[in-house]
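Data first, discussion second: the structure below is written as structure tokens.
The values are calculated or read from the model by the stated rules, or taken from the named source; none is laboratory data. A quick note: this is a predicted structure, and the numbers were derived from the prediction, not measured. All Cβ positions, glycine included, derive from the backbone under ideal geometry; neighbour counts span all protein chains shown. Surface areas here come from the heavy atoms of the whole protein model, side chains and all, with no ligands, DNA or RNA. Shrake-Rupley method; radii C 1.70, N 1.55, O 1.52, S 1.80 Å.
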Amino acid sequence: MCGIVGYVGRKEATPILVEGLRKLEYRGYDSAGVAVLEEDTIQIVKAVGKLSFLENKLQKEKPTGNIGIGHTRWATHGKPSAENSHPHADCSGDFAVVHNGIIENYLELKEWLMEQGHVFSSETDTEVVAHLIEHYYEGDLEEAVRKTLQRIEGSYALGILCKKEPGKLIGVRKDSPLVVGIGEGENFIASDIPAILSHTRKCYLIDDGEICILTPDTIKITTISGEIVNKEIFNVSWDAEAAEKGGFEHFMLKEIYEQPAAFRKTLSGRTAGNKVQFPDFHLPMETVSQWKKIYIVGCGTAYHAGLVGKTVFEQLLRIPVEVDIASEFRYREPLVDEETLVIVISQSGETADTLAALREAKHKGAAVLAITNVVGSSISREADFVVYIWAGPEIAVASTKAYTTMLVAEYLLALYLGQLKGLVSDTLAGEIINALHSLPEATDRILKETAKYKEVAEYFKDKHDVFFIGRGFDWAVALEGSLKLKEISYIHAEAYAAGELKHGTLALITQETPVIALCVQQKTYDKTLSNIKEVKARDAQVLAIAVEGDTEVGKYVDDVITIPEINNFVAPVLTVIPLQLIAYYAAVARGCNVDQPRNLAKSVTVE
Ligand code: F6R
């Protein structure tokens with residue numbers, strides 16, 4: 001977690017760093033800080049809490065200088081406090097460091113450094129890096145950094161300044177993302193592209209084990225052992241506008257409303273008549289036919305997308321599909337081999353657990369296909385095949401458009417593999433493809449019903465517990481709906497397979513526990529109605545999500561929200577949208593910070 005940014009050039013560094021941090025705040029917002037080299041002193045200013053607290057502080061004590069580093073923190077080692085905020089300095093104040101990741105062996109290093117006389121001022125793992133550089137510095141910062149890297153274990157993207165070598169900024173990467181922005185007379189480092197996009201569209205995507213040495217006019221990239229690395233320039237094709245709120249009150253709402261456009265992009269160029277094509281990669285038939293099993297792995301919302309994917313792939317490919325939470329997968333000793341396709345799903349492409357699962361799968365000989373949003377992310381670079389969801393930048397911590405486009409990508413991929421293996425008829429493929437192409441318009445219709453979602457949210461906003469129930473696809477979507485509600489509104493919510501309720505959870509149902517019942521899937525419709533009757537008999541208030549034209553469910557529930565009629569197989573993409581909106585408006589009604597819910601961060605780059 002955490003976001004880092006660095007600038008070296010001829011302009012004032014502080015405003016550029018703060019602007020960069022604003023774009024990285026989604027990565028953590030427990031504290032923020034900058035270090036700027038002002039004449040011959042490294043000035044460090046930091047503040048606990050959101051970036052705006054740092055900005056207030058900088059009004060009074062703004063360091064001036066043309067080189068600096070900045071950090072926005074999501075606390076791991078040490079509570080959010082002024083001492084634990086980055087940047088961290090060594091004893092002499094000659095070096096300053098910002099860090100995203102975890103130094104796993106920091107305790108033993110800290111003990112050793114203290115024996116050498118170093119004095120620590122924070123509880124963080126990061127501070128050892130500053131002291132190690134101080135320890136190894138003999139007039140050559142690059143060399144001191146190299147020696148430091150040989151001592152530290154774990155994951156890190158680092159930004160490093162040295163007072164004795166003004167005009168030189170160092171960035172390092174291992175298992176945490178880092179890009180270098182290429183400017184004219186100025187250069188940048190950052191955890192993510194939006195942080196530098198208003199300055200340049202040209203970047204280097206830094207790989208693990210690389211060190212970048214930046215001055216205003218030069219960029220040198222080397223391996224840890226010092227060999228020069230020649231990298232290709234990566235040109236960013238999306239613009240800074242796409243990462244701004246564009247008139248919406250919150251990024252989350254903007255991103256919910258971007259779904260129709262996102263679906264068009266996900267589908268663009270990937271269907272031709274009844275056929276699905278993936279110009280992005282070539283999958284030889286021999287490779288595909290060797291896969292006897294699929295594993296889908298992801299975290300949070302991406303995992304929920306995998307749960308929908310399970311049924312999609314099983315139905316179309318008729319092979320077993322397992323879905324696993326990435327943080328569980330690698331420790332399970334999963335039964336994965338050359339005959340397994342492992343599909344990793346990750347919006348950011350940087351989630352540490354998912355990346356570790358990908359590596360574990362590759363290590364076991366499996367082919368790995370990534371479904372991701374971020375071009376150049378670690379996961380996209382390490383996977384054998386990549387399907388981009390093309391959702392555009394997702395800034396709100398609560399994922400919305402990434403989830404629905406992940407589903408669209410899964411339908412496309414399952415159809416593609418099914419067609420390659422001759423398992424999916426043209427008629428069936430045509431029906432699913434048509435339904436996918438009808439999603440943008442159907443979503444637009446859902447998005448017009450704002451008043452209804454606000455009214456429903458007003459009812460839910462004072463509740464302590466909400467239950468979501470559904471069967472099959474509806475259950476998978478219920479899990480995502482409950483996650484949306486709890487993570488942004490802090491209302492306790494749980495999702496249950498409707499048939500499972502009576503095996504325990506029904507005991508919790510009273511008139512104080514409203515139930516959102518998903519009744520979209522027709523195959524299990526009658527069964528879900530029976531489950532609705534069970535909770536009604538315990539006095540629960542029930543809101544049903546059903547398909548337009550349903551004249552039945554309204555007889556048994558207190559309120560109904562409908563989605564447009566669509567092929568039932570593709571319906572999960574629409575079913576979730578009212579749930580996203582209810583969660584959004586409930587959180588707004590409760591006065592919650594929708595885009596930055598407490599304790600969370602957008603990109604979880606620690607395990
Ligand atoms: C919830 C949410 C998270 C992410 C999870 C994985 O709204 O966004 O649960 O889905 O942290 O993130 P990615 O997809 O970037 O791997």
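When the accessible area of the range 278-341 is computed with all protein chains present and a 1.4 Å probe, what percentage of it is carbon and sulfur?
49 percent
Step through the table entries Lys202/Lys602; Lys275/Lys448; Lys463/Lys484, compare each Cα-Cα distance with 20 Å, and write down the pairs that go over it.
Lys202/Lys602; Lys275/Lys448
Residue-wise, which Karplus ³J(HN,Hα) couplings in Hz belong to the range 71-77, taking 6.51 cos²θ - 1.76 cosθ + 1.60, θ = phi - 60°, and x for glycine or proline?
In residue order, the calculated couplings are 8, 10, 10, 10, 4, 10, 9 Hz.
Give the peptides 466-473, 189-196, 275-282, 539-546 in descending order of average Cβ contacts within 10 Å, highest first.
For the peptides 466-473, 189-196, 275-282, 539-546, the packing ranking is 189-196, 466-473, 539-546, 275-282.
Residues with beta-carbon under 12 Å from that of Asn274, excluding Asn274: net charge, scoring Lys, Arg +1 and Asp, Glu -1?
Residues close to Asn274 contribute a combined charge of -1.
Under 24 Å from the Cα of Lys523, which lysines turn up, not counting those fewer than eight places away in the same chain?
Output for Lys523: Lys310, Lys502, Lys533, Lys536, Lys555.
With +1 assigned to the C-beta of every Lys and Arg and -1 to the C-beta of every Asp and Glu, and no other charges, what is the dipole magnitude of the chain about the Cα centre in debye, to the nearest 20?
Approximately 1140 debye in magnitude.
Ignoring ligands, DNA and RNA, what accessible area per residue does the chain give at 1.4 Å, in Å²?
I get 37 Å² per residue for the chain.
Order these peptides, 245-252, 393-400, by their mean beta-carbon neighbour count within 10 angstrom, highest first.
The packing order, highest mean first, is 393-400, 245-252.
Roughly speaking, to the nearest percent, how much of the range 3-244's 1.4 Å accessible area is carbon and sulfur?
The nonpolar share, carbon plus sulfur, comes to 47 percent.
According to the Kirkwood expression over distinct Cα-Cα pairs, how big is the hydrodynamic radius of the range 253-437, in Å?
Its Kirkwood hydrodynamic radius stands at 16.2 Å.
Find how many whole Å separate the alpha carbon centroid of the range 270-325 from the alpha carbon centroid of the range 547-604.
If you average the Cα positions of each part, the centres end up 26 Å apart.
In terms of the ratio Rg/(2.2 N^0.38 Å) built on C-alpha atoms, what value belongs to the chain?
Normalised Rg, Cα atoms only: 1.01.
Name the lysines eligible as straight-distance cross-link partners of Lys364: C-alpha to C-alpha under 20 Å, and not fewer than 8 places from it in the same chain.
Straight-distance partners of Lys364: Lys292, Lys293.
Amide H to amide H under 5 Å from Asp90: which residues, 5+ apart in sequence or cross-chain, H placed 1.01 Å off N in plane?
Placed amide hydrogens put Phe95 under 5 Å from Asp90.
Could you name the lysines whose alpha carbon sits less than 19 Å from that of Lys60, not counting residues in the same chain fewer than 8 places away?
Counting by Cα, and skipping residues close in sequence, Lys60 has these lysines nearby: Lys46, Lys50.
Out of all DSSP beta bridges with both ends in the chain, state the antiparallel percent to the nearest 5.
The antiparallel fraction comes to roughly 60 percent.
With the full set of protein chains in place, find how many percent of the accessible area of the range 445-589 is carbon and sulfur; take the probe as 1.4 Å.
50 percent
Peptides 371-378, 44-51, 514-521: what's the order by average Cβ count within 10 Å, highest mean first?
Per-residue Cβ counts within 10 Å, averaged per peptide and sorted highest first, yield 514-521, 371-378, 44-51.
With an 8 Å cut-off on Cα pairs and a minimum separation of 6 or more residues, tell me the relative contact order of the range 253-437 in percent.
Normalised by residue count, the contact order of the range 253-437 is 28 percent.
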